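The block underneath contains the structure these notes are about, expressed in structure tokens.
Just so it is clear, none of the values below were taken in a lab; they were calculated from the coordinates. These numbers come from a predicted model, not from an experiment. Positions of Cβ are generated from backbone atoms using ideal geometry, with glycine treated the same way; all protein chains shown enter the neighbour counts.
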Amino acid sequence: MERALRQQRAGRSEDAARTYGQVLARAAQTFDALHMLGVIELSRGNLEQAERLIATAAALRPASRAIERNREILKNAKLARESAHLEELCERALPLFSDLVLAPEPSPSPRNPVSPTVMNAATAAVHLIGRVGLGSADDAWLLGRITTLMKESEVVVWATDADPALPVSNSAPLRRLDPALGAYPRDGIHVFVGLNGVDNEWLARSRAARVIVFCLGASPSLYLDQLRAIACDGWRRIELVFPSAAMAAHFGRGHAVLPPPLERVSELSAMPVYGQWTMEEPAAWPVGVVGQNGRDVAEPHDAIPLRAFVARADRLDVYDPGRLRDALGDDRRVHFHPRRDGLLSFLTSVRCLLYRLPERWWLESSGRELFGAMALGLPVLCPRSSIYAEYIRSGIDGLLYDTYAQAQQYVTDLRTAPSWAAEIGAAARATASRLFDEAALERSYRELIVGSRR
């Protein structure tokens, strides 16, 4: 049991599972072996086996906080699996939906007798529509950045969720969208930032010259529901914009791709200084991970393999930890950074960023943490399956990995070869400077939204 627990704490779940199996072969009613093996099976996604093991353990002792917590996690995981089947079906429908509903040229409608095409997009007002409240970090950030790139005074911002007193910029007007009072955008170019808060009661009366949707992370079912509403069941064409070609590919062909408009890279602090190469590993080499995607709280699917990074680096820093605090909080080498402390403060405390393996592409964040790390000159470890992997040249300005075991080896290599870490970090910073040059971002975003208008 002691050997199994050491293996589990070190993130060696396969070894720990075998050792717990040896314990149960000798003593089938060992509570801790049943419970911990159930936790491992839960992390593997073997929910039926995990439920059997944890239930058997629970029958041996009075209820405890730890086992009740794991039973709750198991219950949520089963519900999430049921929901995942629906999302997988909706995911398959996205390209068909895009072809049939989003692509047709606009035409007159009984609800809108004037066709949107008669309006001149080149001289139309620009209306940015989205959430600006504290619970919408990615949406509000992107809304604010687009407002800035559009020179603020050229746009009107419509808040779907917050008090209009909350500013997005210094000069752009901010209005509360309230169809009941007749407060909603009319005519002009309608730019939706994110997909929440869309009410089709006013959309049919808005008569936009163009409709553009900047797509952030959202479930396929939400995409189908909200895009259908924005397209008014297909009578007007809408244009989709994605942060990567990989994400756009899930919606078929012909969609625009723009990199996330990261803040001015030139104003970020200098690159971290890595030590000299040595035969002995340095004392602690903090690896950074992000706990939540900024939109919802979810049970961590990778708490056990993340423990292995603690063993490799002697320190793991977690930004916006969410429920990773419960899963990893018993190890003093794990440091937690709340979102209120700021992303920059977190990134400057680590030596590399581990971008976690995503369960689904739509659960990924806006990419600010990954690109922010690159801009600071930090090596980033990114899954090949990520929607942002296309921005990284593996071994040059970052490292792409397929499994956590491969990523763990990369951490060891970077830690023991600081000159290599510094070289990758410098190339990452150069790539970020090119991708997120403020003048280039302004040109590309303005060109997409208003064309050649100045």
Efficiency of FRET from Cβ geometry, Asp187 and Asp330, R₀ 56 Å, rounded to 0.05: 0.45
Relative compactness, region 265-435, computed as alpha-carbon Rg over 2.2 N^0.38 Å: 0.95
Spin-label model distance (nm) - Glu423 vs Lys151, 7 Å beyond Cα toward Cβ: 4.5
C-alpha long axis of helix 404-416 to longest principal axis of the chain, angle in °: 80
Residues whose placed amide H lies under 5 Å from that of Val290, excluding near-sequence neighbours: Tyr319, Arg356
Nearest 10 degrees, 0 to 90: helix 65-97 Cα axis against the chain principal axis: 40
Computed lengthening from Arg52 to Arg65, 0.36 nm per intervening residue step minus Cα-Cα distance: 2.8 nm
Dipole in debye (nearest 20) - the chain, about Cα centre, beta carbon charges: Lys, Arg +1; Asp, Glu -1: 140
Gyration tensor (alpha-carbon) shape descriptor, region 342-397, a/c threshold 1.5: oblate
Percent antiparallel among DSSP beta bridges (both partners in the chain, rounded to 5): 5
Globularity index of the chain, i.e. its alpha-carbon radius of gyration over 2.2 N^0.38 Å: 1.09
Using alpha-carbon coordinates, inclination of helix 220-230 to the longest axis of the chain, degrees: 10
Cα centroid separation, region 398-414 to region 305-328 (Å): 16
Rounded, prolate or oblate (a/c below 1.5 giving rounded, otherwise prolate when a/b exceeds b/c) for region 352-454 by Cα gyration tensor: oblate
